[in-house]
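Input: a single structure, listed below in structure tokens.
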Amino acid sequence: MSDQNSRHEVTRRQTLSGLAAIGALGTFAGVGSAASRGTNQDPTQFTVRVENVASLNEYPTAPDPPKSTGGAVWITPGAYGIYNGQNPILGRNTAASSGLEAIAEAGRPGGTPENDSLVTELENTPNVAHAGAWTPEDTVEDPNDPLGSVPGAPPIAPGGAFEFDIEAESGQKLAFATMFVPSNDVFFAPGPGGINLFEDDSPVDGSVTDDVILWDAGTEPNEDPSSGGCNQAPRQGLEFGNPDRGPDENGVVRELRPTDKVVDGYSYPDPSEAIDVTITPQ
């Protein structure tokens, strides 16, 4: 094992211990189960897998925790909705909801002291049939978490994965949001068209990563992900104990990658280089 990998393991251990102790990236009470508003049709059950496929050295010059992730990209728990019609989580060039801000800035599907729960917002959206969150308890792999336990702490490191179950009927789609760490307000989510769960009434089976975009929520000015900025996760929670730390940007949701609609001078991986999402019908 290289000295650099050893550094990542040690710093990951320190950071995850801190996150678990102070809840730096998430509180999850009450968001683990899905709300449902279905029809009389028999739904199809799916397993959704969200895997971190990023490099441990995405930001090789990044400082050690608590100022950063030690150079790796982490993926947090997230919120999802099964819906018909318009995407209930985001619209291109529109202001992020309070719940989406909580995900994008702090990785919290259950909300923050200043922002609402995205799960609750989705439950109260008429065209959403089911809403829920995947949480630390849905961690199925995290090999670069040297704590050696599943579930691990809130985020997953490269090689880690969440798995959770959903149900949907023909014609329904999947929308979700999960935070990209380290960042101020960057998140992964499908585009405004969502993810089709059926093709010609047959359940989708396989990778849907091509439908996933890296977004800038427009709620907080960006800092360099390799810098360990004081308003970024994980530093904002681990070092300062404040998931809402940072000035307001008052902007709109824009694509960050792969289309480079946001040009902030910083480096971000394309979505497929950091996240892999697969859907498997049961």
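The values are calculated or read from the model by the stated rules, or taken from the named source; none is laboratory data. For clarity, every value in this text was computed on a predicted model and none was experimentally measured. Here the Cβ positions follow ideal geometry from the backbone for every residue, glycine too, while neighbour counts run over all protein chains shown.
Based on what the data block shows, is Arg257 of a type in the set (Lys, Arg) and under 16 Å from the mean Cα position of the chain (by Cα)?
The answer is yes for Arg257.
Please state which of the following conditions Asn87 fails to meet, knowing it meets all the rest: (1) buried (at least 24 other Cβ atoms within 10 Å of the Cβ); (2) under 21 Å from Gly218 (Cβ atoms); (3) touching a strand residue (DSSP E or B) at 6+ places or on another chain (Cβ under 7 Å); (4) modelled with pLDDT of 95 or more.
Every listed condition holds for Asn87 apart from (1).
Report, by residue number, each residue of region 67-86 that is in a loop (DSSP other than H, G, I, E, B) and within 25 Å of Val140 (Cα to Cα).
Ser68, Thr69, Gly70, Gly71, Ala72, Val73, listed by residue number.
Per-residue answers, yes or no, for (1) over 29 Å from Ser267 (Cα atoms); (2) in contact with a Lys or Arg (Cβ under 6 Å, 6 or more places away or on another chain); (3) touching a residue at least 40 places away in the same chain (Cβ under 8 Å):
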position: Val128; (1), (2), (3): yes, no, yes
position: Thr135; (1), (2), (3): no, no, yes
position: Ile156; (1), (2), (3): no, no, yes
position: Phe187; (1), (2), (3): no, no, yes
position: Glu199; (1), (2), (3): yes, no, no
position: Glu220; (1), (2), (3): no, no, yes
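Listed here are the residues, each with its yes/no results for (1) farther than 21 Å from Gly71 by Cα; (2) surrounded by 15 or more Cβ atoms within 10 Å (Cβ to Cβ); (3) among the basic types (Lys, Arg).
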site: Asp205; (1), (2), (3): yes, no, no
site: Asp248; (1), (2), (3): yes, no, no
site: Leu256; (1), (2), (3): no, yes, no
site: Asp260; (1), (2), (3): yes, no, no
site: Gly265; (1), (2), (3): no, no, no
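Hey, which of the strands (runs of 3 or more DSSP E) in region 188-282, taking only ones fully inside, have at least 2 residues that are farther than 23 Å from Pro113 by Cβ and of a type in the set (Lys, Arg)?
Result: 254-257.
Here is a list: Ile213, Ile166. Which entry is of a type outside the set (D, E, K, R), crowded, with 19+ Cβ neighbours inside 10 Å, more than 22 Å from Asn57 (Cβ to Cβ) and free of Cβ contacts under 8 Å to residues at least 60 places away in the same chain?
Result: Ile213 is the single residue among Ile213, Ile166 that is of a type outside the set (D, E, K, R), crowded, with 19+ Cβ neighbours inside 10 Å, more than 22 Å from Asn57 (Cβ to Cβ) and free of Cβ contacts under 8 Å to residues at least 60 places away in the same chain.
Tell me which of these Val263 doesn't satisfy, since it passes every other one: (1) of a type in the set (A, V, I, L, M, F, W, C); (2) more than 23 Å from Pro43 (Cα to Cα); (3) touching a Leu at 6+ places or on another chain (Cβ under 9 Å).
The failed condition is (3).
Of the residues in region 55-68, how many are of a type in the set (Gly, Ala, Ser), crowded, with 21+ Cβ neighbours inside 10 Å and under 20 Å from the mean Cα position of the chain (by Cα)?
Matching residues across region 55-68 total 1.
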